[in-house]
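The block underneath contains the structure these notes are about, expressed in structure tokens.
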Amino acid sequence: MRIASQSGRAVLVEDGMCLDIAEASGHRFGAELGDLYTDWAAFRAWAADGPAGLRSPLDPGRLGPVSPRPRQSFCIGLNYRKHAEEAGWAVPDVPMVFTKFPSSVTGAVAEIELTGASVDWEVELVVVIGERAHRVSEEDAWSHVAGLTIGQDISDRRTQKRPSGAPQHSLGKSHPGYSPIGPVLVSPDEFENPDRLRLGCSLNGEEMQNGCTDDLVFPVAHLIAYLSDMLPLLPGDIIFTGTPSGIGSARTPPRFLAPGDRLDSWIEGIGEMSNTFVSGPGVRM
Ligand code: ZN
């Protein structure tokens, strides 16, 4: 099953066509994609029944974030060995967790305002929670997942590395628009192996990252078990699972996003998202 948010309305997506979920269900489900996650089991059952209704062509230019208002948004650092190396850190022995505050969430075709001259890219597999998860085992973890999508953990390295000597991650990764996710949410059963997906991104057509999620130090099931042991994961919550190597700040010379750049991100079996960048108000590049 593939779902998306088109012009703010939840749609089922199939072969380039979409079905308005609120209309087709006789308003059993709400118009917004975020509403579905609060009633996920019922929605899954309804969608599995092959609902009928008038279908219209999907318009990729009108797609918004696949979880528009997550209550919690987690991000995992240093979760690929080669990326930990390029960042100059040891591979952690437990997941390194921070947050990308929910106000930073945007869609797969969003234009993003840069906050400075050291803003970097990080393509990531993003997990959206369907069923509330509290103290779940690794074996049971995937059954709490609504689906997978593409994310970019856009990061202002200058903010991220302050204060000196005690850097913090969340603020520099939470500017408005710094968490694009989309273009569609794909349920786990659609993948032959949801733990082995190639992912990457290119900047203005030049490949920057190319990895595979089977390299994750802590795979999806482990992350859900670990996080849900600390606090309940709520329907609609998102988890950025970490980025493979190839970020801009680790290049020689370092490379950062500039106004006019186009960042294309892809994950096997999900699709592609394309974000462009402009200078934010009062920002000197
Ligand atoms: Zn990241």
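The values are calculated or read from the model by the stated rules, or taken from the named source; none is laboratory data. Bear in mind that the values here come from a model prediction, so they are computed numbers and not experimental data. Ideal geometry is used to build each Cβ from the backbone, glycine not excepted, and the neighbour counts take in all protein chains shown. The area values use the complete protein model at the heavy-atom level, side chains included, leaving out ligands, DNA and RNA. Shrake-Rupley method; radii C 1.70, N 1.55, O 1.52, S 1.80 Å.
What to note about this one:
- Any helices (runs of 4 or more DSSP H) falling wholly within segment 1-120 and containing at least 3 residues that are under 24 Å from SER143 (Cβ atoms): 33-37, 40-48
- From the list GLY77, GLY34, the lone residue that is closer than 23 Å to SER174 by Cβ, in the same structural domain as LEU231 (by TED's automatic domain parsing) and of a type in the set (Gly, Ala, Ser) is GLY77.
- In segment 251-269, residue farthest from the ligand (Cβ to nearest atom) [restricted to those that are out of contact with any helix residue (DSSP H, G or I) (no Cβ under 9 Å at 6 or more places or on another chain), over 14 Å from VAL119 (Cβ atoms) and open to solvent by less than 30 Å² (accessible area, probe 1.4 Å)]: ASP264
Condition check ((1) polar (S, T, N, Q); (2) surrounded by fewer than 17 Cβ atoms within 10 Å (Cβ to Cβ); (3) more than 16 Å from the ligand (Cβ to nearest atom)) across all residues:
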{"site": "ARG62", "(1), (2), (3)": "no, yes, yes"}
{"site": "TYR80", "(1), (2), (3)": "no, no, no"}
{"site": "VAL105", "(1), (2), (3)": "no, no, no"}
{"site": "VAL109", "(1), (2), (3)": "no, no, yes"}
{"site": "GLU113", "(1), (2), (3)": "no, no, yes"}
{"site": "VAL128", "(1), (2), (3)": "no, no, yes"}
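- Taking the criterion of being of a type in the set (Ser, Thr, Tyr) and either crowded, with 21+ Cβ neighbours inside 10 Å or more than 19 Å from ALA45 (Cα to Cα) (or both), the residues of segment 130-158 that qualify are SER137, THR149, SER155.
- Scanning segment 85-100 for residues that are in contact (Cβ under 8 Å) with a residue 40 or more places away in the chain and within 14 Å of the ligand (Cβ to nearest atom) returns GLU86, ALA87, PRO92, PRO95, VAL97, PHE98, THR99, LYS100.
- Strands (runs of 3 or more DSSP E) wholly inside segment 181-250 that include at least 1 residues being more than 16 Å from the ligand (Cβ to nearest atom) and either open to solvent by 10 Å² or more (accessible area, probe 1.4 Å) or modelled with pLDDT under 95 (or both): 198-203, 206-212
- Filter result (assigned to a loop (DSSP other than H, G, I, E, B), surrounded by fewer than 23 Cβ atoms within 10 Å (Cβ to Cβ) and within 15 Å of the ligand (Cβ to nearest atom)) within segment 159-180: LYS161, PRO167, GLN168, HIS169, SER170
- Meets criteria (assigned to a helix (DSSP H, G or I), in contact with a Leu (Cβ under 9 Å, 6 or more places away or on another chain) and touching a residue at least 40 places away in the same chain (Cβ under 8 Å)) for ALA146: no
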